[in-house]
Amino acid sequence: MRTLAALTLVALSACTYGPREKGWTGSPGAQSYETAVASCSQSSYNNTDQFTVCMAGRGWTRTPR
């Protein structure tokens, strides 16, 4: 019974927060993580702030630590 409850909570939390990739949380309808990272890496010129803004434009936000 505990296993079923734990699995249910995990499934519901995935629906609430969307996919997570390496410190990022995707919103519903976000571009695939790999595509967003590739695009933003090319356009941000190694600037962390520009990379974060670019990722946000593709539906991804940094996961709070």
_Pairs, first assigned to a loop (DSSP other than H, G, I, E, B) in segment 26-49, second small (G, A, S), C-beta under 7 Å, six or more apart_ = S27/G18; S27/G59; P28/G18; G29/G59; A30/G18; A30/G59; Q31/G59
_Looking only at residues that are in contact with a helix residue (DSSP H, G or I) (Cβ under 6 Å, 6 or more places away or on another chain) and in a helix (DSSP H, G or I) in segment 50-65, which one is surrounded by the most Cβ atoms within 10 Å (Cβ to Cβ)?_
M55
*asked:* Can you say whether V37 is at pLDDT 50 or above and hydrophobic (A, V, I, L, M, F, W, C), as far as the supplied structure shows?
replied: yes
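Could you check segment 17-34 and list, in sequence order, the residues that are on the phi > 0 side of the Ramachandran plot and either at pLDDT 90 or above or of a type in the set (V, I, T) (or both)?
G23, G29
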*Tally, over segment 52-65, of residues that are modelled with pLDDT under 95 and among the aromatic types (F, W, Y)*: 0
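The values are calculated or read from the model by the stated rules, or taken from the named source; none is laboratory data. Note that the coordinates shown come from a computational prediction; the quantities given were computed from them, not determined experimentally. Heads up, the Cβs are rebuilt from the backbone with ideal geometry, glycines too, and the neighbour counts pull from every protein chain shown.
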